[in-house]
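One structure is given here, and the rest of the page talks about it.
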């Protein structure tokens, strides 16, 4: 008997479909940063739990207990500090969503996981395309003129660094799937679009996180992913000259670069290298005067605001080391060069932010949560579908040290889904045919997969 299957959304199942809807809703609602979007994300996840009738797998219990302990400490510290309840409830809700996502995906079968990866990648493509259009055509709802200097892709999240976090994770998933089927043109184009979108955000932390995750993925899969990456270099290089705020946009150059980059992504060997060289030469020749503005702003690791915020945060940790200032109550103050006070709410380092608000007690509990998540992920190692989610999680962990990402409900939810996808599958029902190439097909085309024979088929 042979069981045939397509890598489409058809086999996702109600629970995973609702989780995908929660991610999409969060992305559309500015990442779920504000109460309305956060409630939508939490509501869809709760519905997924009810519809999926999820039983708590024993592997999730340590993760759930440590996350629960951190939630309890958040409530206790919030009460002690006078109770800024929006922040308290937001943190508790984020932890609940994180645990629920892991529990649901961990029990999903390989076909459901493949469909979920496909859906997530589709969401990522929409983020990438809208962000690229926002920059190329100066569409304010999809791009932001940061500090009045450069247009940066933000898509519906309205925060370029959050868009970069989404695209970094999903680009690594797409590249992992491409490694399973290197000749797949749709997969190559999907990975190219996602990496191009990441470049359009011009997020330095996002690119650092992607480089770390990519290094791990290349080592695990023994591949360099030259086509999509070189293609993205061409496309982003053609887009960057239109990003300086004071310069006239050049959408025609961006479109030409996008087409050339797509060709590089799917061509092989010498043809790709020739096209890459031609694309870079064209960009350099057409817009040499605009590179100075881009490099002056994004070509450095220096960040005056971040440095001062970190210094202020460390002072607060020293002042209240054990219990912290309380959830949502921290404010970081310093003086600028003119002697005026600057106040920031976030320190752009989620680990330090938590230590400031919940003290070393909270930081220790967070360490236990991360260790429990790592235990789930490492036990799933060896499966062909494991490398992509694992690399994406490493990238997300690195990025969290440079930007405030956990404040947006959609991003911890995405992290929970990645933990579940990287876990070892628990067989809850008779084995069906696995998808060829293992780990699903994150392409936006729904291309048909070859399937292997199953021991138990459908007559």
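Things worth noting here:
- All positions within segment 135-158 that are more than 28 Å from residue 17 (Cα to Cα), at pLDDT 95 or above and touching a strand residue (DSSP E or B) at 6+ places or on another chain (Cβ under 9 Å): 135, 136, 137, 138, 143, 144, 145, 150, 151, 152
- Per-region count, segment 159-183, residues outside any helix (DSSP H, G or I) and at pLDDT below 95: 3
- The test for being more than 30 Å from residue 344 (Cβ to Cβ) and at pLDDT 95 or above does not hold for residue 364.
- Search result, residues across segment 47-61 that are at pLDDT below 95 and farther than 29 Å from residue 378 by Cβ: 50, 51
- Looking across segment 199-227, just one residue is at pLDDT below 95, in a helix (DSSP H, G or I) and buried (at least 20 other Cβ atoms within 10 Å of the Cβ), and that is 227.
- Residues located in segment 285-302, provided they are in contact with a helix residue (DSSP H, G or I) (Cβ under 8 Å, 6 or more places away or on another chain) and either modelled with pLDDT under 70 or surrounded by 12 or more Cβ atoms within 10 Å (Cβ to Cβ) (or both): 286, 287, 290, 291, 294, 298
Results for (1) closer than 30 Å to residue 425 by Cα; (2) out of contact with any helix residue (DSSP H, G or I) (no Cβ under 7 Å at 6 or more places or on another chain), shown as yes or no for each residue.
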position	(1), (2)
60	yes, no
73	no, no
80	no, yes
83	no, yes
103	yes, no
113	yes, no
123	yes, no
137	no, no
144	no, no
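- Residue match in segment 325-332 (condition: surrounded by fewer than 14 Cβ atoms within 10 Å (Cβ to Cβ) and modelled with pLDDT under 95): yes
- Neighbours by Cβ (under 6 Å, 6+ apart or cross-chain): first from segment 24-43, assigned by the TED database to the domain that holds residue 166; second at pLDDT 95 or above and crowded, with 22+ Cβ neighbours inside 10 Å: none
- Meets criteria (in contact with a helix residue (DSSP H, G or I) (Cβ under 6 Å, 6 or more places away or on another chain) and in contact (Cβ under 8 Å) with a residue 24 or more places away in the chain) for residue 363: no
- Members of segment 37-78 that are closer than 19 Å to residue 423 by Cα and surrounded by fewer than 16 Cβ atoms within 10 Å (Cβ to Cβ): 55, 56, 58, 61, 65
- Criterion applied to 97, 88, 123 was being buried (at least 24 other Cβ atoms within 10 Å of the Cβ) and either touching a residue at least 60 places away in the same chain (Cβ under 8 Å) or assigned by the TED database to the domain that holds residue 246 (or both), and the one residue passing it is 97.
The values are calculated or read from the model by the stated rules, or taken from the named source; none is laboratory data. Keep in mind it's a predicted model, so treat the numbers as computed, not measured. All Cβ positions, even for glycine, are placed from backbone atoms using ideal geometry, and neighbour counts span all protein chains on display.
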